[in-house]
Amino acid sequence: MGNWDQLRDRLDGSLVTRDDEGFEEARAVFNSAILTSPLAIARCASVEDVRRSLRYARDAGLPLAVRSGGHSVAGASLVADGLVIDMRGLNSVTVDPAARTATVGGGAIWAEFDRACQPHALAATGGRVSTTGVGGLTLGGGSGWFERKMGLACDNLLSVDLVTAAGELVTASDTENPDLFWALHGGGGNFGVATSFTFRLHPLAACSIALLLWPSEHGPAIARRWRDLMLDAPDEVGGGLAYLTGPPEDFVGELMGKRCAGAIMTRMGTAEELRTAIAPLLALSPQVELVMDIPYADMQCMIDDPPGMRNYWSAEYLADLPDAALDVFCAAGEDMMSPSPSQLLLLPWGSAVVRNAGMSAMANRDAPWVVHPFGLWEDAADDERGRVWAREACAGLREWSTGATYLNFIGDEGADRVVAGFGAHYPKLAAIKALYDPDNVFNLWHNVQPAMA
Ligand SMILES: Cc1cc2nc3c(=O)[nH]c(=O)nc-3n(C[C@H](O)[C@H](O)[C@H](O)COP(=O)(O)OP(=O)(O)OC[C@H]3O[C@@H](n4cnc5c(N)ncnc54)[C@H](O)[C@@H]3O)c2cc1C
């Protein structure tokens, strides 16, 4: 146990130890099944706080975790009997509309980012909900509704300020520490603590979303139509095929609380343009048909998941999506826990996701489809059922898998999955890791082991 007053007295922010009031609130993460208990949480208010906390933990020989949005399903932002560097206080967002850039603190969440960009009709790819951290999501790649046009979140990075394991503040960009910059495009939290990100923004004059729902037995027909539509869709159209429980909203009518097959479709453009793009789906007469113009920041929080649930997810990249694969997907949708906020998602990649592959550590970006079972439930008695469902949903589709996965969409599935996830980029990542974190201080997110000298 450290002498915490030494650190507390030096911080611009505050320190919460296990014995302090408010510890549980500060510790709680999105996945309520994670009960990992650190010794203390340093609520950093400045870059210097990050350096002081890091130095303190290293001198005391304590394990370290870095926390932003707290959305890692495996609880990678907590560490047992160690110190958490809590970045949530570094959440400023500064937009330069003329340069079309935004500089954001390493602990901001996407809601803060999107709301700051919206008045300027500018945006960048974030996740599909507003509560995830910019830090964890971007460093791990960052998949979102408009990725087929704007690229992944990491593709829009112009520079990152980062505190290394040695406590040095460095900038990574195309011109400064370019290898580190490359590694921060998908290499996750393996290389240090990102205190600030600068993003390129894209003009977004209009934005629209469609939520289409059918009783789940229509799933196979909808799935085929959705796949064929996405194969030819313009880059401005995004969206996913989903099994979900009809949400408790008046417009959902009789499908409220029932298992549904659906499509969530988005467009960089008006609702009228979206209607034209998704006409083949509308022709299947959805029981719920909500198609509307919406400000981007509002769209981003439309399907925010309830906090406080237990969750487990997995994912698989699919190389192909024949009818047989869609039937397996739909059968997994029928097995999903319902009613519950769980979702079984199928997402299209391609377009800018693959066009930008060259500049990024994130491998396997040429996978055309991603399947993502996302299990959420309330009762610990359902833990085994929820986990088995997510694993089996992926296992059933393995015949069509590329053999790799998108690491942001999985928890701890073992070292082999990490190596497969980074694919051919693993050796270069390991060499960069050896330069910036030779002692493997940052080891909780899908870990890249430092290459041996
Ligand atoms: C409801 C929900 C929806 C999601 N939707 C999407 C989605 O649409 N697209 C997508 O790509 N992913 C999505 N994810 C997955 C998400 O991107 C990852 O779980 C990501 O790690 C979360 O980042 P965070 O900052 O919220 O998490 P945290 O749990 O705070 O951090 C996770 C890890 O990220 C690293 N990290 C975080 N911040 C920093 C920082 N400032 N510097 C260095 N390392 C840092 C650390 O290694 C940390 O252990 C979703 C997750 C949830 C729970």
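By accessible area of protein heavy atoms, probe 1.4 Å, what ranking do Val193, Val291 get, highest first?
Val291, Val193
With +1 on each Lys and Arg Cβ and -1 on each Asp and Glu Cβ, how big is the dipole of the chain about its Cα centre, in debye rounded to the nearest 20?
For this selection, approximately 720 debye.
Pick out, in residue order, every one of the GluC sites (Glu not before Pro) in the range 165-274 that is DSSP loop and has at most 15 other C-beta atoms within 10 Å; say none if there are none.
The qualifying sites are Glu168, Glu176, Glu249.
Taking only C-alpha pairs under 8 Å that are 6+ residues apart, what is the relative contact order of the range 208-409 in percent?
26 percent
Taking the chain as the reference, fit the longest principal axis to its C-alpha atoms, fit the long axis of helix 219-232 to the helix C-alpha atoms, and give the angle between the two in degrees, 0 to 90, nearest 10.
70 degrees
So, with +1 on the Cβ of K and R and -1 on the Cβ of D and E, and no other charges, what is the size of the charge dipole of the range 121-274 about its Cα centre, to the nearest 20 debye?
Once rounded to the nearest 20, the dipole reads 440 debye.
Helix 426-436 versus the longest principal axis of the chain: what angle, 0 to 90°, nearest 10, using Cα atoms?
Approximately 30 degrees, to the nearest 10.
At R0 = 41 Å, how high is the FRET efficiency between Glu272 and Asp323 if r is their beta carbon distance? Nearest 0.05 is fine.
0.85
Per DSSP H run of at least 4 residues, take -39500 (n - 2.57); add these up for the chain, divide by its residues and hand me the 222 nm value, nearest 500 deg cm²/dmol.
Calculated from helices alone, the mean residue ellipticity at 222 nm is -7500 deg cm²/dmol.
Please tell me the relative contact order of the chain in percent, rounded to the nearest whole number, where contacts are Cα pairs under 8 Å and at least six residues apart.
15 percent
What angle do you read, to the nearest 10 degrees and between 0 and 90, between the alpha-carbon axis of helix 323-335 and the longest principal axis of the chain?
Approximately 70 degrees, to the nearest ten.
Where does the Debye-calculated log10 I(q)/I(0) of the chain sit at q = 0.06, 0.09, 0.11, 0.12 Å⁻¹, using only Cα point scatterers of equal weight, no solvent?
-0.24, -0.56, -0.84, -1.01
First check a/c for the range 1-154, with a ≥ b ≥ c the square roots of the eigenvalues of its C-alpha gyration tensor; if it is under 1.5, answer rounded, and if not, answer prolate when a/b is larger than b/c or oblate otherwise.
Judged from the Cα gyration tensor, the range 1-154 comes out prolate (a/c at least 1.5, a/b above b/c).
Round to the nearest 10 and report in Å² the accessible area of Val163, as given by a 1.4 Å probe over the protein chains' heavy atoms.
My reading of the accessible area for Val163 is about 0 Å².
Sorting check: for 73-84, 409-420, which peptide has the highest mean count of neighbouring beta carbons within 10 Å, and how do the rest follow?
Put in order of decreasing packing, that is 73-84, 409-420.
Whenever you get a sec, line up Thr276, Thr131, Thr195 from highest to lowest accessible area (probe 1.4 Å, protein heavy atoms).
Listed by decreasing accessible area, they come as Thr276, Thr131, Thr195.
Once you sort the root eigenvalues of the Cα gyration tensor of the range 208-409 as a ≥ b ≥ c, which label holds: rounded (a/c under 1.5), prolate (a/b larger than b/c) or oblate (the other case)?
Rounded, since a/c falls under 1.5.
What list of ³J(HN,Hα) values in whole Hz, one per residue of the range 194-204 in order, does the Karplus curve 6.51 cos²θ - 1.76 cosθ + 1.60 (θ = phi - 60°) give from phi, with Gly and Pro shown as x?
Ordered by residue, 3J(HN,Hα) equals 7, 9, 7, 10, 10, 10, 7, 10, 10, x, 9 Hz.
In the full protein assembly as shown, how much of Arg259 is accessible to a 1.4 Å probe, in Å² to the nearest 10?
Its heavy atoms expose roughly 60 Å² to the probe.
Can you give the accessible area of Phe251, probe radius 1.4 Å, in Å² rounded to 10?
It works out to around 90 Å².
Under the rule a/c < 1.5 gives rounded, and otherwise a/b versus b/c splits prolate from oblate, where does the range 90-151 land using the Cα gyration tensor?
oblate
Projected onto the charge dipole of the range 93-203 (+1 at Lys/Arg Cβ, -1 at Asp/Glu Cβ, origin at the Cα centre), which of Ala194, Ala172, Ala98 gives the Cα projection farthest towards the positive end?
The Cα lying farthest towards the positive end belongs to Ala98.
Among Met336, Ala363, Pro295, flag the residue with its Cα farthest along the positive direction of the charge dipole of the range 257-375, charges on Cβ as +1 for Lys/Arg and -1 for Asp/Glu.
Ala363
The values are calculated or read from the model by the stated rules, or taken from the named source; none is laboratory data. Bear in mind that the values here come from a model prediction, so they are computed numbers and not experimental data. Don't worry about glycine lacking a Cβ; one is built from the backbone with ideal geometry, like all the others, and counts go over all protein chains shown. We work out accessible area using only protein heavy atoms, side chains counted, and drop any ligands, DNA or RNA first. Shrake-Rupley method; radii C 1.70, N 1.55, O 1.52, S 1.80 Å.
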